[in-house]
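The next block holds one structure in the form of structure tokens; read it before the comments.
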């Protein structure tokens, strides 16, 4: 690099973030070392625009995320850091790949015998004194939970993170029936206060800078809007939320593993908030997706070894809590929820997506997700796993999502239960075309391409025309708003002749 | 050995030098190489977009062109991946299966079939960042991907190491996707371009003068990105380096 002035800002080293370099030297005077004066922090880019049942435009939301470089850079680097920590943990376990195969086999076995294990789980839970409910869909789940709360006259509910209840639109439902929900997971609480969905299954507010959090807390719990110190923010939230936790009428958790042979559930958290939700109030409700069941307690060990290593690159979550029955004077309810899972189980190409243990490793490794933010997907599940689950909920609304991937396959490689995620993304593309859920222009373009590429003579003529066009069109024609290639990239430089014509001239006898 | 040379459409149109290098390289090893003149494409662009039925005619044409060769060799990992792993819009007759199984990417061919152990004609005294495309890395398994716990191996590096003067640099994210992704590059252009900027910047930071890859499509995208943001780095296909390109 002989002339640093020529370098694009992308190329300046991370060590030089606060300095201006000229001719390769770091300047020491004030101009070079002070931070730029800015009136206000970069505003948080918001997620996908939702228009009823119309297909989510993930690319549009992703472009806005990229247009907020501080957010995009932080998000990409933070999640890549998790991926690297995951890799380090993986290298510490010689039997890692065997462990993945075992976890996958346990899940596949359970899914194949799901009815048996669910009945076993239910029977054992009941004999432990737990009330067991079944919910066909989101609406039934919400009604069941509301019913339990009504029976107990509960007006407030503390909750630890659960993607299932996000699926069910639980918070808005509870608001509509006048029950206050208080999230106990810090990230989830931030998202609740900001009226946003979680953007990631494990780190729900990872798309936010601390300045964004300061802004949310200033508006909602009265912190100093100019103070974005992490400890100050966390402590303020704690002070504001703890009293609500202590006087809550009921508690709710999700479930990481439901053990058929014991009838107990296992919940993994890093903040101990599931224990607060389950143990502070007398009433504990656990919402459980039916695919969470595993046969035996010893199988928990296999998944626990994989879960946090894959998710955050830590050997284990701070808390791995087992709940098996109500404590004295208390009540415990399990709500087993289908919400589309049985139907998914019947899909030949997609049923293994039910193996997912919601670790988020596929999101952390996904180069598209890291640069788009989870809210750009406009769905409960974002990132690679979202691309293959979301269309099962609504094939029209989420019809674009399987195209938000380069099919690079890194997701499948990090998946601790070996879901062939990228192959399912590819299969969903086919499926959506079959179901006529792809845009008309794309359909026309692909049909035309298919016809052209199967007719050598027509193809040769088109190639010649394209060459001439690229060579002679002025730059502004190629780089206008309609040319998606040229918007962010230069075009390839057309050569003097194609390989085809070179070959004809030089090896004419061998074709 | 009778080899059918498959030159994918974009290489034919934009990077003839890659096709020439592949042809010459195979000839250096004494093979009889034919270039069926009616070839166009493998069908991948339509298939990757979900329009599998629209590639049936293109796939049939491919089989007509390449049936009967001992090997079909192409300088493009993603096209070979399509032919070998996804090429199912047409009936899988024994002829179709045969063509699919005999289709090789040039690095694989030289490493696994030819077992090439020297490229005495080649010198490349440059600092090189190797870009394993996702198709070659995770589908054709050219090398050990960073996500899996398995012993290190790298077929392209094995081959390039035999070229005099070459020096490898270590990018921070060696096997992160560069963002090309076929039609992804236009349907999701903002993310695609950003991934490309990050990729070329990573290699430049590591000190690479050249990015070398077995996938010209990735290089085409990366070159467009590098030129746009002014990253001074050059791009060259692995076949050109192995064939003795001087730079």
Take the stretch B:11-29 and flag every residue that is at the interface with chain A (Cβ under 9 Å from one of its Cβ atoms) and within 15 Å of residue B:72 (Cα to Cα).
-> B:19, B:23
Please enumerate the residues belonging to the stretch A:254-287 that are at pLDDT 95 or above and more than 22 Å from residue A:156 (Cβ to Cβ).
-> A:256, A:257, A:258, A:259, A:260, A:261, A:262, A:263, A:264, A:265, A:266, A:268
Going through the stretch A:229-251 in order, the residues found to be in contact with a helix residue (DSSP H, G or I) (Cβ under 7 Å, 6 or more places away or on another chain) and touching a residue at least 60 places away in the same chain (Cβ under 8 Å) are A:245, A:250, A:251
Say whether the condition of being part of a loop (DSSP other than H, G, I, E, B), over 30 Å from residue B:199 (Cβ atoms), touching a helix residue (DSSP H, G or I) at 6+ places or on another chain (Cβ under 9 Å) and at pLDDT below 95 is met by at least one residue in the stretch A:338-352.
-> no
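What number of residues in the stretch A:65-74 are out of contact with any helix residue (DSSP H, G or I) (no Cβ under 6 Å at 6 or more places or on another chain) and touching a residue at least 24 places away in the same chain (Cβ under 8 Å)?
Just the residues of the stretch A:65-74 that are out of contact with any helix residue (DSSP H, G or I) (no Cβ under 6 Å at 6 or more places or on another chain), to begin with: A:67-71, A:73-74.
Cutting the leftovers down to touching a residue at least 24 places away in the same chain (Cβ under 8 Å) gives us A:68-71, A:74.
Number of matching residues: 5.
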Go through the stretch B:108-150 and count every residue that is outside the structural domain of residue B:200 (by TED's automatic domain parsing), closer than 21 Å to residue B:44 by Cβ and out of contact with any strand residue (DSSP E or B) (no Cβ under 8 Å at 6 or more places or on another chain).
-> 1
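Looking at this structure, is residue B:195 at negative phi, without any contact (Cβ under 8 Å) to a residue 40 or more places away in the chain and surrounded by fewer than 23 Cβ atoms within 10 Å (Cβ to Cβ)? Full working, then the answer.
Values: at negative phi: yes; without any contact (Cβ under 8 Å) to a residue 40 or more places away in the chain: yes; surrounded by fewer than 23 Cβ atoms within 10 Å (Cβ to Cβ): no.
Answer is no for this residue.
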Please go through the stretch A:173-209 and pick out each residue that is part of a helix (DSSP H, G or I), closer than 19 Å to residue A:288 by Cα and out of contact with any strand residue (DSSP E or B) (no Cβ under 9 Å at 6 or more places or on another chain).
-> A:173
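Are any residues in the stretch A:392-413 closer than 18 Å to residue B:178 by Cα and in a helix (DSSP H, G or I), and if so, which ones?
Passing the criteria: A:403, A:410, A:411, A:412, A:413.
Got a sec? Which helices (runs of 4 or more DSSP H) wholly within the stretch B:141-247 have at least 2 residues that are modelled with pLDDT of 95 or more and away from every other protein chain (no Cβ under 13 Å)?
Details: elements: B:155-160, B:184-187, B:189-205, B:216-229, B:238-242.
Those helices (runs of 4 or more DSSP H) span B:155-160, B:238-242.
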Criterion (over 22 Å from residue B:14 (Cβ atoms) and under 18 Å from the mean Cα position of the chain (by Cα)) met by exactly one of B:142, B:205, B:237 = B:142
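Report yes if residue B:96 is touching a strand residue (DSSP E or B) at 6+ places or on another chain (Cβ under 6 Å) and away from chain A (no Cβ under 12 Å), otherwise no.
Details: touching a strand residue (DSSP E or B) at 6+ places or on another chain (Cβ under 6 Å): no; away from chain A (no Cβ under 12 Å): yes.
No; evaluated as a whole, the condition is false for this residue.
The values are calculated or read from the model by the stated rules, or taken from the named source; none is laboratory data. All of these numbers come straight from a predicted model, not from anything done at the bench. Cβ sites come from the backbone with ideal geometry, for glycine too, and all protein chains shown count toward neighbours.
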